[in-house]
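Here the structure comes first, spelled out in structure tokens, and everything after it is commentary.
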Amino acid sequence: MAGHAAAGVCAAPMQATSHGAFQGDNPLDYALPLAILQICLVVVVTRGLAYLLRPLRQPRVIAEIIGGVLLGPSALGRSSKFLHAVFPAKSLPVLDTLANLGLLFFLFLVGLELDIAAIRRTGKKALAIALAGISVPFALGIGTSFAFRATIVKGAPQAPFLVFMGVALSITAFPVLARILAELKLLTTDIGRMAMSAAAVNDVAAWILLALAVALSGDGSPIISLWVLLTATGFVIAVCVLLRPLLAWMAHRSPEGEPVKEVYICATLAIVLAAGFVTDVIGIHALFGAFMVGIVVPKDGPFAGVLIEKVEDLISGLFLPLYFVSSGLKTDVATIRGAKSWGLLVLVILNACLGKIGGTVLASLIVKIPVREAVALGFLMNTKGLVELIVLNIGRDRKVLNDESFAIMVLMALFTTFITTPIVMAIYKPARPSAPYKRRTVEGGAPADADSELRVLACFHSNRNIPTLLNLVESTRGTGRHRLAMYAMHLVELSERSSAISMVHRTRRNAMPFFNSGDKTEQMVVAFEAFQQLSAVRVKPMTAISDLETIHRDVIDSAAEKRAAVVIMPYHKLLQHDGSFHSLGSQYHAVNKRVLRGAPCSVAILVDRGLGGHSQVAAKNVEFSVAMLFFGGADDREALAYATRMSEHPGVAVTVTRFRPSRPSSGDAADEAAMEAFKGKVEAVKDGSAMYEDVEASAKEEVLQAINSLSKSNMFVVGRMPPTEPLVERPEELGPVGSYLASSEFKTSASVLVIKRYDPATNPASKRFDPKARPPVATDVEDEEMGGAGGSASVVPVPWTPQNDLA
């Protein structure tokens with residue numbers, strides 16, 4: 001027995017690879033195949049849970065924490081066969097090494113996302129909220145630690161345990177908070193910007209406090225802890241003084257538009273590992289070195305972006321989830337037994353919520369933030385996540401926390417993060433404008449509406465859509481000054497990738513609706529500024545940052561807030577060099593369908609074939625021919641109203657071709673009235689800017705022939721659902737005529753605008769935008785001039801002058 005015990009203690013380490021099952025080897029007894037199985041299992045479980053929790057709008061970190069706990073001794077690990085086969089004790093050093101290596105590079109990415117310059121510009125309000133949100137829960141954490149030490153953690157060292165508990169309760173998970181804000185459409189609102197600024201300050205303070213806790217948790221004397229702190233301070237100074245200029249030199253030698261040299265990428269990643277090694281030697285954990293390197297990497301230019309692209313998918317997708325499983329294997333919920341332990345769990349949850357929420361709400365009220373927003377901000381700041389797990393794991397590894405206290409703290413972090421989304425959804429309801437939303441169509445329901453300012457919400461995915469969009473809006477501006485207001489909304493996808501948060505930072509820091517900081521951004525900004533100054537159109541750039549499954553809500557809500565008469569959406573296919581169209585994907589297609597279904601006004605889909613070329617055409621040089629195809633029905637009448645407005649431009653010639661449909665339209669009287677009004681305009685103008693022709697075409701072939709004869713026009717304007725048979729076999733959301741005009745069968749270089757008229761009968765969802773259905777609220781005077789509410793639920797109005805201070 002003694003020999004067996006000795007053999008068990010001195011068991012040989014696992015070999016890397018097996019000889020294969022046919023040679024009699026069990027692959028699970030070898031390190032590499034077992035690690036592959038563990039990674040695959042972790043990815044499947046965590047991604048599966050993330051999919052299941054998606055309807056609850058929970059961030060992915062919740063799924064990863066739960067997945068780690070389920071794979072550990074709390075659930076599946078209760079089966080000794082499963083635990084010994086998939087996560088044997090001898091494999092844990094390899095698993096922990098891979099997990100910490102992934103965590104090392106992930107903390108490097110987190111450092112890349114933190115902009116110290118932006119934090120220094122944090123306004124006084126956000127700074128006060130951040131300090132209150134750290135100090136109050138830290139004090140309550142210290143108080144809670146005495147209850148733990150008196151009951152379940154009696155042998156823990158006092159000073160480190162106090163600091164660890166204070167840090168654990170005072171942390172706000174910066175990346176997780178950003179995901180929740182994006183999910184709730186609050187990322188670029190006032191409350192979202194305040195929360196992000198406060199969380200960034202909180203994040204830096206938490207790392208400083210954690211470094212202090214790690215230094216104090218050593219087994220040596222206080223003198224050793226002091227040496228650790230002093231050496232760590234010297235390391236930070238060395239990184240800023242010596243390493244930062246080297247990284248800045250590499251970034252400077254990586255100009256925009258040129259590939260970053262592979263040697264610079266390799267050198268930077270090696271520096272990350274070396275910095276981790278140095279901080280591990282110092283005694284404050286390898287993560288701090290990687291985090292510091294990420295902070296000092298220059299954020300401007302392509303260098304940081306290329307580093308993120310090279311690292312994040314592999315690390316975030318495969319290696320980081322291993323850290324959650326590594327934590328889950330140490331979390332045994334079964335250790336929480338008896339009234340005393342469960343009472344401590346309730347106590348720590350209450351103190352965490354009371355300290356973080358109470359401190360944030362108190363500070364918010366002092367700086368004159370409304371009560372409802374202050375409470376929502378408190379719950380948002382109570383978000384925990386990966387940094388919380390890092391703190392708890394370091395505390396457990398340093399023997400500051402035992403298994404029971406570790407499990408209690410993990411459940412606290414899980415609970416406080418899980419409740420954030422539903423509670424904020426219930427508490428915070430962004431105000432709607434009280435001003436009446438009368439004009440929901442281009443045509444206008446009353447003569448006064450037709451003469452009022454036309455508000456257009458023009459959306460685009462990339463800069464290649466902008467020239468056509470500007471040329472279209474210029475052609476639509478009508479007569480007189482201030483007849484049209486354009487809200488140019490940049491639709492930015494917020495993916496699961498961590499670097500999307502960096503995109504949010506740049507959007508706000510640059511005060512521009514574009515992510516890339518280079519020549520293209522400058523060109524687009526100049527284009528918008530020039531268009532606004534030289535045209536009779538007022539332009540207000542905006543940015544919507546959201547995932548593609550919900551970004552349609554940004555468009556719909558913004559259209560209601562700005563009281564737009566028409567929303568222009570980009571077609572989900574891009575024009576190729578050979579004249580064909582390439583689809584951006586089914587998700588972009590679905591965005592347009594959802595906007596068509598739920599918009600509170602008319603919707604137009606713009607098929608971009610380069611109206612006016614690849615640049616904006618000056619107003620005096622505009623010379624476009626527009627063909628409007630009229631079959632009848634509400635959509636065609638709306639398209640006719642749009643084309644009529646285009647004919648008011650001195651450089652636009654509009655030809656309306658009326659087809660006699662194969663079956664009668666339900667709105668014949670309305671169609672006749674619309675056509676008579678246009679004919680009256682044709683007779684009134686003598687410059688040929690408006691023309692009308694009647695075509696007798698009942699068969700499909702006759703319709704196609706008539707349309708093909710107009711193929712040399714610069715633009716087609718058509719209704720989405722005219723009463724005619726489809727001109728293609730499977731018409732898309734563009735309808736029976738628009739689908740043909742956008743197909744490869746139709747040989748033309750003309751762009752196409754397909755318009756759907758707003759109809760509340762077929763769009764019941766838009767009734768929620770009826771101002772009579774909600775209590776009136778105050779509307780900001782400045783935004784009322786442009787037509788919207790003071791605080792957008794999903795987008796941020798972008799000023800032309802950078803202004804970051806939230807004070």
> What's the FRET efficiency of ARG253 with ILE224 using the Cβ-Cβ distance as r and R₀ = 41 Å, to the nearest 0.05?
Replying inline: 0.45
> Which shape class applies to region 91-177: rounded if a/c is under 1.5, otherwise prolate when a/b exceeds b/c and oblate if not, where a ≥ b ≥ c are the square roots of the Cα gyration tensor eigenvalues?
Replying inline: oblate
> Which residues' amide hydrogens lie under 5 Å from the amide hydrogen of PHE716, considering only partners 5 or more residues apart or on another chain, with H built in the peptide plane?
Replying inline: ALA627, SER751, VAL752, LEU753
> Shape of region 173-308 from its Cα gyration tensor (a ≥ b ≥ c, root eigenvalues): rounded if a/c is under 1.5, otherwise prolate when a/b > b/c, or oblate?
Replying inline: oblate
> Order of 689-701, 380-392, 294-306, 196-208 by packing, highest average Cβ count within 10 Å first?
Replying inline: 380-392, 196-208, 294-306, 689-701
> Across all directions of projection, what mean area in square nanometres is found for the Cα convex hull of region 543-598?
Replying inline: 4.5
>> Could you sort the peptides 316-326, 91-101 by per-residue average Cβ neighbour count (10 Å cutoff), highest mean leading?
In response: 316-326, 91-101
> Carbon and sulfur atoms: what percent of the 1.4 Å accessible area of region 53-95 do they account for?
Replying inline: 68
> Accessible area per residue of region 214-325 at 1.4 Å probe, in Å²?
Replying inline: 48
>> Can you order the peptides 653-660, 365-372, 598-605 by their average number of other Cβ atoms within 10 Å per residue, highest first?
In response: 598-605, 653-660, 365-372
> Any idea what the dipole of region 202-285 comes to, in debye rounded to 20, about its Cα centre with Lys/Arg Cβ at +1 and Asp/Glu Cβ at -1?
Replying inline: 180
> Rounded to the nearest whole Å², what accessible area per residue is found for region 558-599 with the 1.4 Å probe?
Replying inline: 38
> Taking a spot 7 Å from the Cα of LEU246 along the direction of its beta carbon, which residues of region 295-322 have an amide N less than 18 Å from it?
Replying inline: 295-299, 304, 307
> What part of the accessible area of region 148-258, given as a whole %, is carbon or sulfur when the probe is 1.4 angstrom?
Replying inline: 68
> Between GLN576 and GLU701, what length comes free when the chain is fully extended (0.36 nm per residue of separation minus the Cα-Cα distance, one decimal in nm)?
Replying inline: 42.2 nm
>> If you filter region 173-281 for trypsin sites (Lys or Arg not before Pro), then keep DSSP loop positions with at most 15 other Cβ within 10 Å, what is left?
In response: ARG253, LYS261
> For region 93-133, what is the accessible area per residue in Å², given a 1.4 Å probe and the full set of protein chains?
Replying inline: 37
> Where the centre of each part is set by its Cα atoms, how far does region 163-206 sit from region 58-110, in angstrom?
Replying inline: 25
>> Leaving out ligands, DNA and RNA, and with a 1.4 Å probe, what % of the accessible surface on region 318-403 is carbon or sulfur?
In response: 69
> So how strong a dipole does region 23-94 carry about its Cα centre when Lys and Arg Cβ are +1 and Asp and Glu Cβ are -1, to the nearest 20 debye?
Replying inline: 360
> Taking 0.36 nm per residue of separation and subtracting the Cα-Cα distance, what length does fully extending SER749 through ASP190 add?
Replying inline: 196.9 nm
> Mind checking the dipole of region 528-595: about its Cα centre, +1 per Lys or Arg Cβ, -1 per Asp or Glu Cβ, Debye to the nearest 20?
Replying inline: 260
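The values are calculated or read from the model by the stated rules, or taken from the named source; none is laboratory data. From a predicted model like this one, the values you see are computed outputs, not experimental measurements. Virtual Cβ from ideal backbone geometry, glycine too; neighbours counted across all protein chains shown. Accessible surface is based on the protein model in full, side chains and every heavy atom, while ligands, DNA and RNA are left aside. Shrake-Rupley method; radii C 1.70, N 1.55, O 1.52, S 1.80 Å.
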